[in-house]
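Quick notes on the structure that follows.
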Amino acid sequence: MNTIEKITTQLSDNLVIGKNIFHCKEITSTNAIILDNADGLFSNGDILIADVQTSGIGRYDRKWNSEKGGLYFSILFQQIDDLQKFYKFIILIAFAIKEELEELTSDFNDFKIKWPNDIYYKDKKICGILTQTKIQGEKNKLVVGIGININNTFSKEDIFRNTPIALKEIIHKTNDLQNISQQLIIKINYYYDEYIKDNFNNYLIRLNQSIYKRNKKIKFTKDGKSILVRPLEFAYNGCLICEVNGKRKLFSVGEIE
Ligand code: BTN
């Protein structure tokens, strides 16, 4: 592993998320390292960014191939007392990333949130979010890891498994990773503020318009089993309302893999 260095940015000191930003050229996994050092090097709101991950983690314990050119970072949250409530913020993080991608491409129709963790451009995956928790006593430590395909290319295995796409393929140019990460951190802070002010409900209409395959059948994995659902809309508590076998059912972020 290369050295982890604290970097200075133009971002304001008042930010909660990204007050401290650390960078490493090559690391195993930003999620694993930030969670393992949650009581030492890193504190609440800290961000760890890597150029390359040698053992990037995806959902279902899959490998997340992390070649140079992608944006890979994790945010640490300490002392979360209500995990269910906090999931609303994780949905808003996905919304922030979607918004940033829309602005970068000037395409405001084709990015959707494949609830709860992925962002798709048309039918291809451009971003994956992995949330991992560590429970200590009453409080939870939580890491939100974000992988966005920006300038990177893909292995055959990736193409087979995820049908991925990178920003570079959409706008036909190589993008400035540092600029994108800073814009994203500003947006994520904006939505953190909205979450703290309990303004989640103000975004319901826009969140509903962002649902990938809304009103269409899609597979979810719950308790290791695959189920066919029709995503309909978000509920006030951040759950997703879906139609399953003709009935409306609520799914929470933690429930679906
Ligand atoms: C998925 O399977 O869709 C989630 C992928 C999450 C990848 C990111 S990259 C930064 C962070 N570090 C990791 O090891 N994984 C997450």
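The values are calculated or read from the model by the stated rules, or taken from the named source; none is laboratory data. Everything numeric here is computed off the predicted structure, so don't read it as measured data. As a convention, Cβ positions derive from the backbone with ideal geometry for all residues, glycine included, and neighbour counts pool all protein chains shown. Just so you know, the surface numbers come from the protein's heavy atoms only, side chains and all, with ligands and any DNA or RNA stripped out. Shrake-Rupley method; radii C 1.70, N 1.55, O 1.52, S 1.80 Å.
Based on the Cβ-Cβ distance from I135 to E255, what FRET efficiency comes out when R0 is 25 Å, to the nearest 0.05?
Details: r = 17 Å, r/R0 = 0.68.
It comes out at approximately 0.90.
Please identify the GluC sites (Glu not before Pro) of region 69-169 that satisfy two criteria: DSSP loop assignment and at most 15 other Cβ atoms within 10 Å. Which are they? Please list the in-between numbers first.
On the way: sites: E99, E100, E102, E103, E138, E157, E169; in loops: E138.
Counting only loop positions with at most 15 other Cβ atoms within 10 Å, the GluC sites (Glu not before Pro) in region 69-169 are E138.
Compute the separation of the alpha-carbon centres of region 112-141 and region 241-257 and state it in Å as a whole number.
17
Give the carbon-plus-sulfur fraction of the accessible surface of the chain in %, rounded to a whole number; probe 1.4 Å, heavy atoms of protein chains only. Kindly include the intermediate steps, with their values, before the conclusion.
On the way: 5870 of 12790 Å².
Carbon and sulfur: 46 percent of the exposed surface of the chain.
Quote to one decimal, in nm, the extra length available between Y236 and K68 on full extension: 0.36 nm per residue of separation minus the C-alpha distance between them.
On the way: separation 168, 0.36 × 168 = 60.48 nm, distance 3.89 nm.
Value of the extension gain: 56.6 nm.
Per 0.36 nm of contour for each residue apart, how much would the distance between T174 and Y60 grow if the chain were fully extended, relative to their Cα-Cα spacing? Before the final figure, lay out the partial values.
Numbers: separation 114, 0.36 × 114 = 41.04 nm, distance 3.06 nm.
Here the answer is 38.0 nm.
Taking square-rooted eigenvalues a ≥ b ≥ c of the alpha carbon gyration tensor, is region 5-209 rounded, prolate or oblate, where a/c under 1.5 means rounded and, failing that, a/b exceeding b/c means prolate? Don't skip to the end; give the middle numbers.
On the way: a/c = 1.41, a/b = 1.16, b/c = 1.22.
It is rounded, given that a/c, with a ≥ b ≥ c, falls under 1.5.
I want to check the label-to-label distance for K219 and I196. Put each point 7 Å from Cα in the C-beta direction and report it in nm to one decimal.
4.1
Scan the chain and report its longest stretch carrying no trypsin sites (Lys or Arg not before Pro) that are both in a DSSP loop and have at most 11 other Cβ atoms within 10 Å. Show your work: numbers first, answer last.
Values: sites that count: K173, K197, K216, K217.
Formally, the longest exposed-site-free interval is 1-172.
With a 1.4 Å probe and every protein chain left in place, work out the accessible area per residue of region 131-257 in Å², rounded to a whole number. Please list the in-between numbers first.
Working: 7090 Å² over 127 residues.
Value for region 131-257: 56 Å² per residue.
May I ask for the net charge around G246, where only other residues with Cβ less than 15 Å from the Cβ of G246 are counted and Lys, Arg are +1 while Asp, Glu are -1? Provide the component values of the computation, followed by the final result.
Values: positive: K217, R230, K247, R248, K249; negative: E243.
Here the count lands on +4.
Helix-derived [θ] at 222 nm for the chain: sum -39500 (n - 2.57) over DSSP H runs of at least 4, divide by residue count, nearest 500? Intermediate values should be presented prior to the final figure.
Working: 6 runs with 68 residues, N = 257.
Rounded to the nearest 500, it is -8000 deg cm²/dmol.
Assuming R0 = 30 Å, can you tell me the calculated FRET efficiency for the pair L204 and T163, based on Cβ-Cβ distance, to the nearest 0.05?
Details: r = 29 Å, r/R0 = 0.97.
Approximately 0.55, to the nearest 0.05.
Which loop-located chymotrypsin sites (Phe, Trp or Tyr not before Pro) does region 199-257 contain, where loop means any DSSP state but H, G, I, E or B and the Cβ has at most 10 other Cβ atoms within 10 Å? Before the final figure, lay out the partial values.
Working: sites: F200, Y203, Y212, F220, F234, Y236, F251; in loops: Y212, Y236.
Answer in residue order: Y236.
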